[in-house]
């Protein structure tokens, strides 16, 4: 766009405590610019047409009263709707202009795989953006155009008057509404350009004419987002690194990028941490195995970190060190595993927890568990905040409601890594999506305002210590940033390398790099001086930038000599920085010096030296990494191990690695296994006879999970040894299943027959035999898309048929017997009839096996099925009787209908439910009169509550006019003011186990993400154990279907304005007929007389209202029953 052809729409506002907004509008014709109406709501031409933004109000100011701020800090509103809305991320340029990413595609153009679970196999198989879009088009058909209705955008927001509050905004860039586009999630203003992350592109936006609208946009890279994934698992985290490169992340929507120079950079199955040059060249994956790392930050020594999200399966969110070559262990396959446990190995093998026993050795475990929904992240730059926040991180925690806020904490060295210390909240009770340290030293936090869905509102608050507002260092930092660095002299820039603020030091460093030889000389001078530590760190970083880019051999040698001297520096931090630079520049002649440094007294230096040496890949250095591993045997430091692994894997000497199977030191063998894993080497098989069971598991894990086809037979042959872990057994079973020959089917039969095999593994072996003929494309352990070649489906049946009777014996564990019965049914094994009947008949056997045996007899049309049903109908176990009721009803004829009618009169609750369920589908003409009679009883209030839902669902399946009339009458009688009026039939009669699965395993509702039961789960909502002892079932149901009607005590927030104009906000602790008891962050505990209240506003519950649309009434009833059982 050209300045002379556009009219830039601006909003001019004066923001004060009274928040008196004056909104102006200009009519424009240029797509992407705003039109402002008198009501303060934007409408658009172009990409954001139809987007709604709330009008100006006092709400943003009033909301501050709800915040809980750390001692000594205050918050003030910097920007609010209509200047900003639906804020995902934001970033300041050095002049204080704020670039805000706003989403209007959230749930309205960007979907979530949980709403399309019938796409899941295709989704897991997708390897590119093109494949993802093809899946969407195939399933959506004409609806695909709905994905283009709304656009995300970037706003430019700033304070034009110097009032300390934003008063102007433009739509900087718009039109991000193509079918492949994701949720726009990242923005960075840097050196005159704005970098913008929006799947599938990494964009560079430029406003050359200064009109506040980017007239130029270039896609630097594309190919991000190969799957639909979870909402928000997008491209984000744009940050300038200490080496002058662009760093960013993606969630587990994955990526497959072909770079402009033809290289392929691919991580289709997990989230990753990237870096590239600012023109998009040199893209590489730094670390992987992440789920959704929304933001990244580095400390004063250039160490990178992120907060990574949990999977809603009861696992914790984590604080992760982003180490080059590191793997945090997560991949998309885990997300959809619910058997034999939620998320499979991710939780069962403790991959999501800080370092401990039983974890895989190939991962770098998290430093700590923190937050429920990690989002924005910032690191203290060194000025602007009180001294207690020096070297602290600030991590947003978005929960959709209570508990959202910003954590603060620091890190303390622990071995070659860290531990988290001084953990606290900077601010809580704000739905924070991002946090930035502004040029003025304030901590800026964006507020989503309420709930999970977009509201058309969005605020940015500034938090700080009022006593520091005029701090000279803070003001100096602001002025230095605003003035820029390009025109400063070398001498001035050198002085700024010692500045207290890291942002100043970095910009001085980059400016010196840009000055060429004079800057390089200045860096060398700093290193020779007695200057402070941080100045030397930045000198190394600056020289490292030049070293990395330098092509001249003589110049490279000259630069290398500086870093080689640095390896002997007295400061361990500088020894480490020198090592990093030599490795990054690929200076192979440093291998000897780096090898010596791997024996440094400081574990962190040993790690960095090992990492640098690993990058060089110098032949003959393998013994250095072996010695590094050997020296790490006692400590077992995962970072030092990682360096040794990278070094040995980089040398790729598979025979030498295989020979380490006989090394006497366990840590050496462990490192060899992980290095061979990185090479996908069949030589991993040589470690399957290790005397240490944990290492056998590690090798088998690598072989089967990757997989390594050439080594699968060796894993498949592992059975019978005592002391094998469940993790190893699962790989043994899976290896045999994947190979799929006659011998392997025989192995699974023996595994399932052996009483020495753990019962869950025996059952799993039978499951795999049952899936033999039609194997899922998803790997049985990892959940990743790993289809096996076609094979003879009859192999498993031929191998296992003779053993069915043994598995069906009444003395077998119920899990084994149940799986065997399913096999007999699926294979049509009529010869198993006697064993199946014996199992049904034996009241001492497990009910799960007996139920499956009864079903199998019916499927096989066994002559003894009728007798078995009769036995089941008289059994003490209600579940069996319910099955019998269904089978008796489905047998047809008048006698069947009579039996069902008798069951409705005299059966147990479960039997009555089964009878109604059966009646709904019967074709007998006598069904409709019977259901009409029962509907009359329901209208008269004479049907037990526990069977009302079953009656209504049975009636709803009938076409009879009389039944339909009675259904309408029942619905008409529901009370309109009853919050659960449409759901009262869900109060009683549910199944506890089915409800447990809804709570713990359903990814589309993710109850366990926010709620604890028996101490396990999230902390956003109240602990639900014992809820039925405190509240009636009506309250439990209402909390699910109408969560904002009543909010649990201590979780409801309230804002009251009194008749005298004063206002108070906080948690509502108690309410009587005459007063409210409010725990206010500002005033403490208050008792407010209701007679003095002019207005009262409640905060929304973080419980999504949409649950009633996702869950069926049967789900709801089961969930209520499960929660009611938690006593």
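For segment 536-591, a residue qualifies if it is crowded, with 20+ Cβ neighbours inside 10 Å and outside any helix (DSSP H, G or I), and the qualifying residues are 567, 587. Got at least one residue in segment 198-218 being assigned to a loop (DSSP other than H, G, I, E, B) and closer than 23 Å to residue 379 by Cβ? The answer is no; no qualifying residue exists. When residue 454 is tested against (1) part of a loop (DSSP other than H, G, I, E, B); (2) under 30 Å from residue 640 (Cα atoms), just one condition goes unmet, and that condition is (2).
On the basis of being assigned to a helix (DSSP H, G or I), farther than 16 Å from residue 417 by Cβ and within 40 Å of the chain's Cα centre (by Cα), does residue 607 make the cut? Before you say what the answer is, go through the steps one by one.
Working: assigned to a helix (DSSP H, G or I): yes; farther than 16 Å from residue 417 by Cβ: no; within 40 Å of the chain's Cα centre (by Cα): yes.
Against the criterion (assigned to a helix (DSSP H, G or I), farther than 16 Å from residue 417 by Cβ and within 40 Å of the chain's Cα centre (by Cα)), residue 607 does not qualify.
Just one of 490, 513 is more than 42 Å from the chain's Cα centre (by Cα), in contact (Cβ under 8 Å) with a residue 24 or more places away in the chain and farther than 30 Å from residue 102 by Cα; which is it? Just a single option satisfies the conditions, and that option is 490. All conditions in (1) surrounded by 16 or more Cβ atoms within 10 Å (Cβ to Cβ); (2) free of Cβ contacts under 8 Å to residues at least 12 places away in the same chain; (3) part of a helix (DSSP H, G or I) hold for residue 943, with the sole exception of (3).
Condition test on residue 658, is it more than 30 Å from residue 732 (Cβ to Cβ), outside the structural domain of residue 322 (by TED's automatic domain parsing) and assigned to a helix (DSSP H, G or I)?
In short, no.
Against the condition surrounded by fewer than 22 Cβ atoms within 10 Å (Cβ to Cβ) and either in a loop (DSSP other than H, G, I, E, B) or touching a helix residue (DSSP H, G or I) at 6+ places or on another chain (Cβ under 8 Å) (or both), how does residue 649 come out, does it pass? Spelling it out, it is not the case that residue 649 is surrounded by fewer than 22 Cβ atoms within 10 Å (Cβ to Cβ) and either in a loop (DSSP other than H, G, I, E, B) or touching a helix residue (DSSP H, G or I) at 6+ places or on another chain (Cβ under 8 Å) (or both). Would you confirm whether or not segment 104-116 contains a residue that is surrounded by fewer than 16 Cβ atoms within 10 Å (Cβ to Cβ) and modelled with pLDDT under 95? Yes, because at least one residue in segment 104-116 is surrounded by fewer than 16 Cβ atoms within 10 Å (Cβ to Cβ) and modelled with pLDDT under 95. Residues that are at pLDDT 95 or above, within 24 Å of the chain's Cα centre (by Cα) and surrounded by 20 or more Cβ atoms within 10 Å (Cβ to Cβ) do occur in segment 450-472. The set of residues in segment 368-401 that are in a loop (DSSP other than H, G, I, E, B), touching a strand residue (DSSP E or B) at 6+ places or on another chain (Cβ under 8 Å) and in contact (Cβ under 8 Å) with a residue 60 or more places away in the chain comprises 370, 371, 372, 373, 381, 384, 385, 391. Among the residues of segment 371-386, the one identified as over 16 Å from residue 502 (Cα atoms) and surrounded by fewer than 23 Cβ atoms within 10 Å (Cβ to Cβ) is 372.
For segment 208-217, the criterion of being in contact with a strand residue (DSSP E or B) (Cβ under 7 Å, 6 or more places away or on another chain), free of Cβ contacts under 8 Å to residues at least 24 places away in the same chain and surrounded by fewer than 20 Cβ atoms within 10 Å (Cβ to Cβ) is satisfied by at least one residue.
So which residues in segment 592-604 are closer than 22 Å to residue 635 by Cβ and either in the same structural domain as residue 245 (by TED's automatic domain parsing) or assigned to a helix (DSSP H, G or I) (or both)? Break it down into steps so the answer makes sense when it comes.
The initial filter retains those residues of segment 592-604 that are closer than 22 Å to residue 635 by Cβ, namely 594-604.
Those that are closer than 22 Å to residue 635 by Cβ and either in the same structural domain as residue 245 (by TED's automatic domain parsing) or assigned to a helix (DSSP H, G or I) (or both): 594, 595, 596, 597, 603, 604.
The values are calculated or read from the model by the stated rules, or taken from the named source; none is laboratory data. Bear in mind the structure is a predicted one, so any value in this text is a computation, not a measurement. Reconstructed Cβ throughout: ideal geometry from the backbone, glycine too, with neighbour counts over all protein chains shown.
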